[in-house]
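Quick note: the coordinates plus some simple rules give every number you see, no bench work behind them. These numbers come from a predicted model, not from an experiment. Here the Cβ is made from the backbone with ideal geometry for all residues, glycine too, and neighbour counts use every protein chain on show.
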Amino acid sequence: MTDFRQAHPEGIILALDQMSAYLQATLTRAWAPRGETPVVQITPQRDMLHFYGALDVIGGREVALSLPKLDGENTIHFLNHVMRCFPGRAILLLLDRASWHKGKARRFIEAHPRLDLIYFPPGCPDLNPQEHVWKQTRDAVGHLRDYPHLSHLRRAFQSYLENTRFHFDWIDKYLPLILCI
């Protein structure tokens, strides 16, 4: 990481992850007057959205895109989108070890000199700041219960992700421990 920052002072460090959202009610607690059970509307179908997200771990800017599947092809599509968002800048990608980050996507990263890659340790989702972005976004957009159609949910997610700066002390907290070993 230090080598990346020294070699590319204008470079950007992005933590990537994906999430799926459904129109199904999620488990939560709610206050209600005694004797008045809250009614939670659910949809019978299992339609879902998939989002790819990349958080600038220093500046807090989020780049997100809703894509039809979580696979190597869509990962490459998202990486192309990320490169267009940061033209001419070197990009260090911090990825988990999802299957779609390997194979085609890894070959794509290796073929692009602007992209560099570090994997998070296995089984450590809390180290990935993008996981915290997903949680904050889910909490902010109504815990997925207020949208009659997937298109409304997609717009709410996209709007929140594009208009919110996410601040984490991730670099100070974890950098020396996980990336300098």
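List every residue whose amide H lies under 5 Å from the amide H of Leu115, counting only residues 5 or more places away in sequence or on a different chain, with H placed 1.01 Å from N in the peptide plane.
Amide H neighbours of Leu115: Ile91.
Counting other C-beta atoms within 10 Å, which of Lys102, Lys135 has the fewest, and how do the rest follow?
Numbers: Lys102 14, Lys135 11.
With the fewest neighbours first, Lys102, Lys135 line up as Lys135, Lys102.
So which GluC sites (Glu not before Pro) in the stretch 33-133 are both in a DSSP loop and have at most 16 other Cβ atoms within 10 Å of their Cβ?
Glu36
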